[in-house]
Amino acid sequence: MTHCTKAFEMFLSPFPMFIELYGKYYKGVVGNEIELGNISCDDMVLCIGGGPLPCTAIEIAKHTGARVHVIDNDPCAVKIAKLVVEKLRLKDKIKVMLADGESVDIQKYSVVHIALQVFPKDTILKNILNKASIGTKVLMRMPKDGLKCLYSKAAECSEINSCKCIEQNKRCTMKATLLFIKEDKNRHEKKDTAVYHRSYDRNNTSVAV
Ligand SMILES: C[S@@+](CC[C@H](N)C(=O)[O-])C[C@H]1O[C@@H](n2cnc3c(N)ncnc32)[C@H](O)[C@@H]1O
């Protein structure tokens, strides 16, 4: 799925009109994530897995005024994404870099966003939660149940005490976006249960990560 999306984004990248149309798919999704993460102009955001068309980063930068860094581990995707950001005159708000989510240093970021197609999600999530400062917000997209086999899974992570979640549009490939906040372990003696921001399944009150 990652390779298909990337190839599709590379194909669209020379055409500004198609970039805009493709961006519409992300508008509502990212709007929900901005609300869930309460992202503002004071935040420093890292988007992991920006792809050739870093629409998530573009939406966050445009609608919040936050400074956004985007990483991708594919040099070709990074090269194209840099050109797209330049073409859209967003160079002062968005910086695109070659790096891997498994090893990237995230200490300076207050919000970290993990794209749906990023892999391996469990190692990336562990890396982030190990290195993050207390209070860092981590947003992670989850696939629809029927599409789970096409994406990397995030196994249970001991660093997580609780999470919030927002349901995504039924017509997109994402079921929901989860929000984890890096907590001070010493302040929590026992684990909290998952908290819902908006329930996406009225019969199920647990969040399968
Ligand atoms: C095709 S994009 C889709 C993202 C979408 N354009 C957005 O704005 O949210 C997914 C990208 O994630 C990148 N990726 C996958 N695993 C990664 C990892 N471990 N670290 C960094 N980038 C990764 C892939 O190279 C691919 O370009």
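The values are calculated or read from the model by the stated rules, or taken from the named source; none is laboratory data. Note that the structure is predicted; figures quoted are calculated from it, not measured. Positions of Cβ are backbone-derived with ideal geometry, glycine not excepted, and every protein chain shown enters the neighbour counts.
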Ala154 vs. criteria within 13 Å of the ligand (Cβ to nearest atom) and either crowded, with 17+ Cβ neighbours inside 10 Å or at pLDDT below 90 (or both): yes
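Let's see how each residue does on (1) farther than 23 Å from Phe18 by Cβ; (2) β-branched (Val, Ile, Thr):
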{"residue": "Glu59", "(1), (2)": "no, no"}
{"residue": "His63", "(1), (2)": "no, no"}
{"residue": "Ala77", "(1), (2)": "no, no"}
{"residue": "Ile80", "(1), (2)": "no, yes"}
{"residue": "Glu86", "(1), (2)": "no, no"}
{"residue": "Asp105", "(1), (2)": "yes, no"}
{"residue": "Ala115", "(1), (2)": "no, no"}
{"residue": "Lys121", "(1), (2)": "yes, no"}
Residue check for Leu125: under 14 Å from the mean Cα position of the chain (by Cα), more than 9 Å from the ligand (Cβ to nearest atom) and in contact (Cβ under 8 Å) with a residue 24 or more places away in the chain: yes
Residue match in the stretch 26-44 (condition: near the ligand (Cβ under 10 Å from one of its atoms) and more than 20 Å from Phe180 (Cβ to Cβ)): yes
Residue list for the stretch 1-49, filter: at pLDDT below 85 and either under 13 Å from the mean Cα position of the chain (by Cα) or not in a helix (DSSP H, G or I) (or both): Met1
Qualifying residues in the stretch 176-201 (those that are out of contact with any Cys (no Cβ under 9 Å at 6 or more places or on another chain) and at pLDDT 75 or above) - the one farthest from Glu35 (Cα to Cα): Asp184
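Out of the residues in the stretch 88-122 that are polar (S, T, N, Q) and under 14 Å from the mean Cα position of the chain (by Cα), which is nearest to the ligand (Cβ to nearest atom)? Walk me through how you get there before you give the answer.
First, the residues of the stretch 88-122 that are polar (S, T, N, Q): 103, 107, 110, 117.
Narrowing further to those that are under 14 Å from the mean Cα position of the chain (by Cα): 110, 117.
Values: Ser110: 19, Gln117: 4 Å.
Among those residues, the one meeting the criterion is Gln117.
Pick from Phe8, Phe18: which is in contact with a helix residue (DSSP H, G or I) (Cβ under 7 Å, 6 or more places away or on another chain) and within 23 Å of Arg171 (Cβ to Cβ)?
Working: Phe8 fails: in contact with a helix residue (DSSP H, G or I) (Cβ under 7 Å, 6 or more places away or on another chain).
None of the others qualify; the one that does is Phe18.
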The stretch 17-59, residues that are among the hydrophobic types (A, V, I, L, M, F, W, C), crowded, with 19+ Cβ neighbours inside 10 Å and within 14 Å of Leu88 (Cα to Cα): Ile19, Leu53, Cys55, Ala57, Ile58
Only one of Gly50, Gly65 that is more than 12 Å from the ligand (Cβ to nearest atom) and out of contact with any Gly (no Cβ under 6 Å at 6 or more places or on another chain): Gly65
